[in-house]
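> Would you mind keeping the following structure in view while I ask a few things?
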Amino acid sequence: MRERLSLWAVFCLLVAFLPSQTESVAVMSVDLGSEWMKIAIVKPGVPMEIALNKESRRKTPVAVCLKENERLFGDSALGVAVKNPKVVYRFLQSILGKTADNPQVAQYQKHFPEHQMQRDEKRGTVFFKFSEELQYTPEELLGMILNYSRGLAQDFAEQLIKDAVITVPAYFNQAERRAVLQAAHIAGLKVLQLINDNTAVALNYGVFRRKDINSTAQNIMFYDMGSGSTTATIVTYQTVKTKESGTQPQLQIRGVGFDRTLGGFEMELRLRDHLAKLFNEQKKSKKDVRENLRAMAKLLKEAQRLKTVLSANAEHMAQIEGLMDDIDFKAKVTRSEFEALCEDLFDRVPGPVTEALAAAEMSMDEIDQVILVGGSTRVPRVQDVLLKAVGKEELSKNINADEAAAMGAVYQAAALSKAFKVKPFLVRDAAVFPIQVEFSRETEEEDGVKTMKHNKRILFQRMAPYPQRKVITFNRYMDDFVFYINYGDLGFLGEQDLKVFGSQNLTTVKLSGVGSSFKKHSDAESKGIKAHFNMDESGVLILDRVESVFETIVEEKEEESTLTKLGNTISSLFGGGSSEPTANVTEPVTDEEEVTPEAEKDQERSEKREKSAQEKPETEEGKEGEPQAEEQKDNKEDKAETQGETDAEKAEKPEEKSDGEKAEEKEEDKKPKPQKKSKISEDITVELEVNDVLDPSTEDIEVSKKKLQDLTDRDLEKQEREKTLNSLEAFIFETQDKLYQDEYLAVVTEEEKEQITGKLSEASNWMDEEGYAAGTKELKEKLSELKKLCKAMFFRVEERKKWPDSLAALDSMLNHSTIFLKSVRLIPESDQIFTEVELKTLERVINETMTWKNETVAEQDKLSPTEKPVLLSKDIEAKRSLLDREVNYLLNKAKFVKPKPKDKAKDKNTTSTENSKANSTEDAEKVIPPKSDDAEEVKPAEEPPTAEKKDEEPILELNPAENTDTESTDSSKSENHKGDEL
């Protein structure tokens with residue numbers, strides 16, 4: 001609780017220093033589940049909050065309804081699904097990034113037979129055929145949903161939002177992750193990061209318990225069973241030291257196990273089929289209810305409700321009115337029946353736990369606690385089986401099972417955004433699937449026969465942390481070649497999971513320009529072809545670049561002092577000096593290709609070590625052992641300076657050289673000069689060929705964007721028309737009713753009333769006949785015409801309503817101003833702080849205002865209520881504001897003026913006279929001026945603060961007593977208030 005208060009305090013302190021609210025500084029997160037999505041935001045003044053949808057709910061169904069003339073989302077779409085399931089699309093997550101022959105696509109078609117799915121011959125994926133003219137891909141439908149989620153976030157945040165973090169299942173492979181990014185791109189949403197939902201949950205858990213995290217590792221398992229899948233994750237929490245921010249808490253994903261199809265939706269489908277069987281057994285209809293798509297949609301909705309109720313009750317009555325052919329359905333279902341239907345599903349509950357432990361190479365004894373996440377973990381049987389599998393005393397429920405992922409993701413969004421500053425919490429995610437590089441090379445056997453050898457190099461092992469950069473070096477290629485990026489050993493997946501996984505081949509990489517680079521740098525030593533890979537924060541593998549690296553050796557000139565240069569010049573004039581050969585330092589090329597992270601840094605370090613071995617410093621007494629790198633550099637510089645002075649002395653006194661010194665000098669000349677290695681890199685042209693699921697082309701993306709934008713424009717036009725239509729209807733009915741009210745009857749003539757009544761009746765008839773089919777423009781014109789007709793009547797009524805309060809406020813201001821003026825006039829002239837001009841100005845304004853008010857009110861009383869009034873509320877307010885400004889001017893002057901000392905001139909004269917008298921005597925005494933009666937009450941006032949001092953005060957100041965997080969506040973101030981700190 002103290003942590004949350006601290007976060008709020010820091011946010012309140014820094015809100016005054018953020019950009020204006022019109023700028024887009026808010027960020028959002030979308031916890032994109034298979035059935036539900038949760039949206040969270042961070043904006044100035046709102047640290048982290050779940051955004052409510054239009055129904056004021058905290059979670060929204062992932063569903064979109066495509067009618068002929070409108071789109072519906074969320075609960076509105078589900079309402080249509082019962083009546084017309086063909087136009088409602090949901091549970092799209094399971095078919096993202098899948099080819100048409102994927103088993104999960106076939107499973108989706110089985111669950112939703114009402115949709116017409118066809119193969120995209122260009123990409124090999126599927127699309128929904130809505131009509132002969134319209135087709136939608138799963139990415140386009142998901143893009144619509146993401147765009148809708150952004151609209152909900154913007155309505156809640158009351159500002160534009162363009163940056164988001166989106167959650168995805170941890171088991172999503174490269175094709176599935178790219179599909180989510182494509183959907184967000186189509187929706188115009190900037191994705192800061194795709195974060196695994198289990199990682200987001202772990203981050204949320206750690207952020208609010210950071211004070212409990214220390215150097216001792218804590219291992220926690222999160223068991224997440226949602227609607228479509230189940231994931232078990234082992235997370236290690238502990239503090240680590242970093243160069244950038246010191247000791248900070250860190251979470252590391254150690255092991256992940258999952259079941260793609262184990263979830264609440266599969267339980268609901270079985271319960272739906274059970275209800276269909278019960279209805280057929282009642283034989284109230286000769287038709288099979290399973291052949292009626294609308295009836296099955298109703299049964300699925302009832303099964304979802306029934307599953308929730310049976311989690312808390314042993315039995316419940318399922319009932320649906322008019323299930324089929326106006327036949328009602330009613331049947332009792334017990335929890336034991338439900339558990340029997342899902343017995344095989346409950347047997348799969350321990351599976352993800354076993355996989356996670358195997359991936360982390362840990363035992364259950366090392367796990368401190370098991371925390372439940374996801375709505376389906378509320379099923380009692382799931383908890384019973386899981387508790388038995390983990391062998392713990394209890395399962396922890398100390399986290400919000402529905403919203404933890406959304407809150408963790410929005411914390412990450414704030415950390416990635418430039419508009420906010422958050423407390424560091426290090427996240428080390430893990431790649432669930434290994435990735436390797438494969439290539440073939442021709443080798444020659446001992447008997448001279450050439451064969452092709454296939455090589456594999458692991459790029460990212462299973463559970464390797466990311467984001468991370470890696471470099472693979474090919475040392476045996478001197479011409480253009482091809483290599484492949486594929487998944488590694490997936491033996492830990494079952495047979496069915498391998499089929500659902502899809503292609504295990506990712507990308508074919510074709511390199512060109514390798515041979516030309518060798519020809520261009522034939523005189524240099526090759527250090528291999530280096531391919532730079534990056535697995536980014538979203539878990540997407542990227543080949544950054546490929547380069548051909550060479551190394552040349554150049555002479556390194558020693559730095560010479562001025563005296564050394566002078567000595568060398570004199571020597572050269574007398575025929576001195578000689579040329580020495582340059583030593584070639586070669587580095588052996590390894591026989592195998594190797595994968596090394598951050599290859600450039602390793603190479604630089606090895607070069608420094610080699611250079612250190614070659615350049616051992618010498619002292620006056622001889623060679624010593626090799627010092628450390630930093631010490632060696634310093635000694636070298638010292639040696640150069642000392643040697644320079646020696647050469648200068650020798651140039652001046654050559655006859656003083658001894659034979660031993662000459663011999664030593666010759667030995668020095670024979671030594672090779674210092675050498676330096678120079679790196680040369682040549683970029684290699686890369687051609688990528690995707691082997692898993694083809695990405696849509698740029699043209700396809702633009703077509704999808706336009707398609708969605710057209711639908712959005714149509715929706716906006718429809719909303720505008722409905723708004724105008726409702727406004728016109730409301731205006732007609734409300735105005736007709738007002739014409740019978742006394743306050744309106746008093747201000748209209750009979751002629752004007754008949755005219756307005758006639759026009760309103762005419763518009764009402766037009767609405768019944770043509771209005772509901774009219775366009776937005778026609779509706780706006782009709783509404784504008786009626787408002788113009790009734791404008792004068794409404795104006796007169798509104799003015800008469802405002803008169804009492806406005807006149808009362810003016811009278812009050814006149815009364816206070818008059819009293820103030822009289823009081824000021826009574827101040828003695830010696831103490832008067834206002835000038836005569838200021839007082840006369842106030843007096844003039846009071847008199848003019850009083851005269852205007854009396855004359856205007858009198859003139860208004862002579863007019864009929866049906867005539868245009870001359871007494872206007874805006875004029876009354878203007879007069880009151882003018883009078884208020886004059887009074888406030890004088891009050892402010894009195895507040896900051898420095899009072900004059902009492903009888904200052906008189907006291908000065910008295911003191912001067914008496915001092916002159918005192919000075920004429922030998923014992924001079926200091927004469928103190930006599931005090932007046934009120935002398936004790938008159939005190940010199942302190943100098944009032946100037947306007948400039950006021951401006952220097954902080955805009956918003958945090959009470960130190962309320963600041964429970966001084967460290968965060970101080971750090972935020974040091975950053976010049978550039979962002980908020982969570």
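> Starting from the 7 Å offset along Cα-to-Cβ, what nm value, one decimal, do you get for the label separation of residue 881 and residue 785?
3.7
> While we're looking at this one, here's another question. Please give the length that would be gained between residue 450 and residue 847 if that part of the chain were fully extended, namely 0.36 nm times their separation in residues minus their C-alpha to C-alpha distance (nm, one decimal).
Between residue 450 and residue 847, full extension yields an extra 131.5 nm.
> Please list, in order along the range 539-547, the HN-Hα scalar couplings obtained from phi with the Karplus expression 6.51 cos²θ - 1.76 cosθ + 1.60 (θ = phi - 60°), rounded to whole Hz, x for Gly and Pro.
With coefficients 6.51, -1.76 and 1.60, one gets x, 9, 7, 10, 8, 5, 6, 10, 9 Hz.
> Hey, with R₀ at 35 Å, roughly what FRET efficiency would residue 801 and residue 716 work out to, going by the Cβ-Cβ distance, to 0.05?
Computed FRET efficiency for residue 801 and residue 716: 0.45.
> Quick one: in the range 437-561, what % of C-alpha pairs are over 23 Å apart?
Cα-Cα pairs in the range 437-561 separated by more than 23 Å: 50 percent.
> Additional query: If a paramagnetic tag sat 7 Å from the Cα of residue 57 along the Cα-Cβ line, which residues of the range 79-95 would have the backbone N under 20 Å from that point?
Within reach of a label on residue 57, which here means backbone N under 20 Å from a point 7 Å along Cα→Cβ, the range 79-95 contributes 79-94.
> Give, as a single signed number, the net charge of other residues whose beta carbon lies under 10 Å from the beta carbon of residue 198, with Lys and Arg counted +1 and Asp and Glu -1.
Spelling it out: positives minus negatives among the neighbours equals -3.
> Expressed in nm², what is the orientationally averaged projection area of the convex hull enclosing the Cα positions of the range 139-298?
Values: hull surface 57.3 nm².
The Cα convex hull of the range 139-298, projected and averaged over all directions, gives 14.3 nm².
> Please work out how much length the chain gains when fully extended from residue 737 to residue 680, using 0.36 nm per residue of separation minus the C-alpha to C-alpha distance, in nm with one decimal.
Numbers: separation 57, 0.36 × 57 = 20.52 nm, distance 8.69 nm.
Extending this stretch completely gives an extra 11.8 nm.
> Further question: If packing is taken as the average count of other Cβ atoms within 10 Å, what order do 826-833, 272-279 fall into, highest mean first?
272-279, 826-833
> Apply the Karplus parameterisation 6.51 cos²θ - 1.76 cosθ + 1.60, with θ equal to phi minus 60°, to every residue of the range 809-818 and state each ³J(HN,Hα) to the nearest whole Hz, in sequence, with x for glycine and proline.
Per-residue couplings from phi come out as 5, 5, 4, 4, 5, 5, 5, 5, 5, 5 Hz.
> Let me ask something else. Put +1 on the Cβ of each Lys and Arg and -1 on the Cβ of each Asp and Glu in the range 699-914; which of 790, 832, 764 then has its Cα farthest toward the positive end of the dipole?
832
> Determine, for each peptide in 862-874, 330-342, 426-438, the mean count of other beta carbons within 10 angstrom over its residues, then list the peptides with the highest first. It would help to have the intermediate numbers written out before the result.
On the way: 862-874: 13.4, 330-342: 15.9, 426-438: 20.5.
For the peptides 862-874, 330-342, 426-438, the packing ranking is 426-438, 330-342, 862-874.
> Longer than 32 Å from Cα to Cα, which of 301/418; 43/706; 38/510; 129/190 are they? Say none if no pair is.
Values: 301/418 44 Å; 43/706 30 Å; 38/510 42 Å; 129/190 28 Å.
Pairs exceeding the cut-off: 301/418; 38/510.
> Also: Points 7 angstrom from Cα along the Cβ direction at residue 855 and residue 512: gap in nanometres?
9.2
> Can you tell me how much longer the chain between residue 709 and residue 134 gets when fully stretched, taken as 0.36 nm per residue apart minus their C-alpha distance, in nm with one decimal?
205.6 nm
> Give the residue list of chymotrypsin sites (Phe, Trp or Tyr not before Pro) in the range 188-222 that are DSSP loop and have at most 11 other beta-carbon atoms within 10 angstrom.
Passing sites in the range 188-222 do not exist.
> Which residues does a label at residue 160 reach in the range 179-210, if reach means a backbone N under 17 Å from a point 7 Å past the Cα toward the Cβ?
Taking a point 7 Å out along Cα→Cβ of residue 160, the residues of the range 179-210 whose backbone N falls under 17 Å are 187-191.
> Please list the non-local residues whose amide H lies under 5 Å from the amide H of residue 33, H modeled 1.01 Å from N, same-chain partners needing a gap of 5 or more.
Under 5 Å from the amide H of residue 33 lie the amide H atoms of 38, each far enough along the sequence or on another chain.
> Right, here's the next one. In whole Hz, with x marking every Gly and Pro, tabulate ³J(HN,Hα) for the range 258-271 from phi via Karplus 6.51 cos²θ - 1.76 cosθ + 1.60, θ = phi - 60°.
Taking θ as phi minus 60°, the curve returns 8, 9, 5, 10, 8, x, x, 5, 5, 5, 5, 5, 5, 5 Hz for the range 258-271.
> With each pseudo-label sitting 7 Å past Cα toward Cβ, what's the residue 727-residue 542 distance in nm, one decimal?
Calculated label separation equals 4.6 nm.
> What is the Cα centroid distance between the range 368-388 and the range 768-826, reported in whole angstrom?
For the range 368-388 versus the range 768-826, the Cα centre distance is 63 Å.
> Would you please give the residues with an amide H less than 5 Å from that of residue 168, counting only those at least 5 places away or on a separate chain, with H modeled from the backbone geometry?
Amide H neighbours of residue 168: 195, 196, 197.
> Continuing with this model, one more query. From the C-alpha coordinates alone, can you work out the Kirkwood hydrodynamic radius of the range 699-914, in Å?
On the way: mean 1/r = 0.0425 Å⁻¹.
About 23.5 Å, per the Kirkwood formula over Cα pairs.
> In the range 264-347, if the dipole is taken from +1 on Lys/Arg beta carbons and -1 on Asp/Glu beta carbons about the Cα centre, which of 300, 338, 311 is farthest to the positive end?
Of 300, 338, 311, it is 300.
> Taking H placed 1.01 Å from N in the peptide plane, check which residues at least 5 places from residue 462 or on another chain put their amide H under 5 Å from its amide H.
It is none; the list stays empty.
> Considering only C-alpha atoms, what is the centroid distance from the range 306-337 to the range 489-519, in Å?
50
> Could you tell me the distance between the Cα centroids of the range 33-96 and the range 396-469, to the nearest Å?
Using only Cα atoms to place each centre, the spacing works out to 31 Å.
Since every read-out is calculated from the coordinates, none of them should be taken as a lab result. The model shown is predicted, which means the values in this text are computed figures rather than measured ones. Heads up, the Cβs are rebuilt from the backbone with ideal geometry, glycines too, and the neighbour counts pull from every protein chain shown.
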